[in-house]
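K.L.:
Mind having a look at this structure? Questions to follow.
The values are calculated or read from the model by the stated rules, or taken from the named source; none is laboratory data. Source: prediction; values computed, not measured. Cβ sites come from the backbone with ideal geometry, for glycine too, and all protein chains shown count toward neighbours. Just so you know, the surface numbers come from the protein's heavy atoms only, side chains and all, with ligands and any DNA or RNA stripped out. Shrake-Rupley method; radii C 1.70, N 1.55, O 1.52, S 1.80 Å.
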Amino acid sequence: MPELPEVEVLARHLRPLLRGKSIRAVDVRREKVLRPTSLQRFQRGLVGAKFTGLSRRGKYLLFELRSGISGKPITLLGHLGMTGRMFLAEKNEKPPKHAAVIFDLGRENFIYEDTRYFGRLTLELSAVEKLGPEPLDIKFSPKNFAEILKRSRQSIKVKLLDQSLVAGVGNIYASEALFRAKISPKLAANKLTFTQIKNLWRAIRDVLADAIDCGSTVPLNFHAGKTDGLFYFGRASGAPDFYEERLRVYDRAGKPCVNCRRPVKRIIQAARSTFYCPHCQKA
Ligand SMILES: [Zn+2]
């Protein structure tokens, strides 16, 4: 499942490829992904529009366009859900079976593909308005992080997944950050000391920045029939070894902890897997 670093790498990859390109036609094959925007509004708003920019907020992609009719700016919000991919393909390539939306850009198509259709491509922007600060932004400080944690009795691992606390930390990097900060995932959020909060703040930033750096080195070859090497951490995806090995606890249950060699443990918190080292993450 793509998290903040994967979405950031994708945004950096797509930005120069889309800039200046105009949408000639929109082929929506799964109307569900547009919700709550109607098919009619989606097509009317986007046909003729030109891509001007692309940024990321949390795990969302924000495509900036300029209307071909009114010249007004339009924002298109994208989310990859569990299995979504977005890529450009040559016009003569057959679109994948699970293509949800295809934008005709002239010589190329810009394709949003999603085998499970949990993602979104919509003109409705309310989802990003509720997000907490960007973890790599200056507005995310140990002080305001502490303020929010103080008010929660949820376990820290579960609280980290709350997108209104900090945007973009998902299941993988929550486990990784807690391991780096040597904090038990089971500790109640309001029980963390300020030193622990500072360590966790630093660990979140480090783990995400490292993942962006690492992901930026992975070639994003999204063309039909090839694996992309970036999304899906599963072994079957063809992800390069170094990319998976970067993860110190995630998906390593029973394997030796990289610090103490004792086995990494898997537990379930709020119906999601948590991976941690009970020896290194006691407090
Ligand atoms: Zn350990």
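K.L.:
Okay, helix-only estimate at 222 nm for the chain: each DSSP H run of n ≥ 4 adds -39500 (n - 2.57), divide by all residues, round to 500 deg cm²/dmol; what do you get?
P.N.:
-8000 deg cm²/dmol
K.L.:
Classify the chain: rounded, prolate or oblate, from the alpha-carbon gyration tensor (a ≥ b ≥ c, eigenvalue square roots; a/c under 1.5 rounded; otherwise prolate if a/b is larger than b/c)?
P.N.:
Note, shape of the chain comes out prolate.
K.L.:
Which FRET efficiency, nearest 0.05, do Lys32 and Asp210 yield, Cβ-Cβ r, R0 30 Å?
P.N.:
Working from the Cβ atoms, E equals 0.30.
K.L.:
Then there's this: For a test of the definition: using alpha carbon positions, the gyration tensor, and the 1.5 limit on a/c, classify region 102-143 as rounded, prolate or oblate. Display every interim value, and only then the final one.
P.N.:
Numbers: a/c = 2.91, a/b = 2.29, b/c = 1.27.
Because a/c hits 1.5 or more and a/b exceeds b/c, region 102-143 counts as prolate.
K.L.:
How high is the relative contact order of region 90-188, given as a whole-number percent (alpha carbon pairs under 8 Å, six or more residues apart)?
P.N.:
20 percent
K.L.:
While we're here: Kyte-Doolittle mean at least -1.0 and Cα extent at least 30 Å along the axis: which DSSP H helices of the chain qualify?
P.N.:
Values: long enough: 194-215 (31 Å, 0.16).
Within the chain the helices that satisfy the rule are 194-215.
K.L.:
Given a 1.4 angstrom probe, what's the average accessible area per residue across the chain, in square angstrom? Each step should come with its number before you reach the end.
P.N.:
Details: 13320 Å² over 283 residues.
Accessible area per residue, the chain: 47 Å².
K.L.:
Can you send over the carbon and sulfur percentage of the accessible area for the chain, probe radius 1.4 Å, protein chains only?
P.N.:
After summing per-atom areas, the C and S share lands at 51 percent.
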